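Read the structure below first, then the notes.
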Amino acid sequence: MYDPRNRLANDVSEQLKQHFGDKVYRAVIPRNVRLAEAPSFGTPVMYYDKNSTGCKSLSGTGR
């Protein structure tokens, strides 16, 4: 889960792109509380909260 406000996340993302080039997926999964909560309930996020930002980015229906 990526948080663009976090400098470490940005640095790691850039290093991955530099090292692996076009093998890195362009999809970005934003940090989202609902994604983190779903496993606690033993439920895939698709069932836990299909309208959450994180879920939409996973399923390709986001941005």
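The values are calculated or read from the model by the stated rules, or taken from the named source; none is laboratory data. All figures in this text were calculated on a predicted structure; none of them were measured in a lab. With ideal geometry, Cβ positions are generated from the backbone for all residues, glycine too; neighbour counts draw on all protein chains shown. Note: areas computed on protein heavy atoms with side chains; ligands, DNA, RNA excluded. Shrake-Rupley method; radii C 1.70, N 1.55, O 1.52, S 1.80 Å.
Averaged over every viewing direction, what's the projected area of the C-alpha convex hull for the chain? Give it in nm², one decimal, please.
4.8 nm²
Taking 8 Å as the Cα distance limit and 6 or more residues as the minimum spacing, I'd like the relative contact order of the chain as a percentage.
Normalised by residue count, the contact order of the chain is 29 percent.
Just to confirm the number: angle between the C-alpha axis of helix 7-20 and the first principal axis of the chain, 0 to 90 degrees, nearest 10?
60 degrees
Might you tell me the accessible area per residue for the chain, computed with a 1.4 Å probe and given in Å²?
Heavy-atom accessible area per residue stands at 85 Å².
What nm value, rounded to one decimal, do you get for the distance between Lys23 and Tyr2 when each label is placed 7 Å out toward the C-beta?
With each label point 7 Å from Cα toward Cβ, the separation is 1.8 nm.
Calculate what fraction, in whole %, of the accessible area of the chain sits on carbon and sulfur atoms when a 1.4 Å probe is rolled over the protein chains.
Result for the chain: 53 percent of the exposed heavy-atom area is carbon or sulfur.
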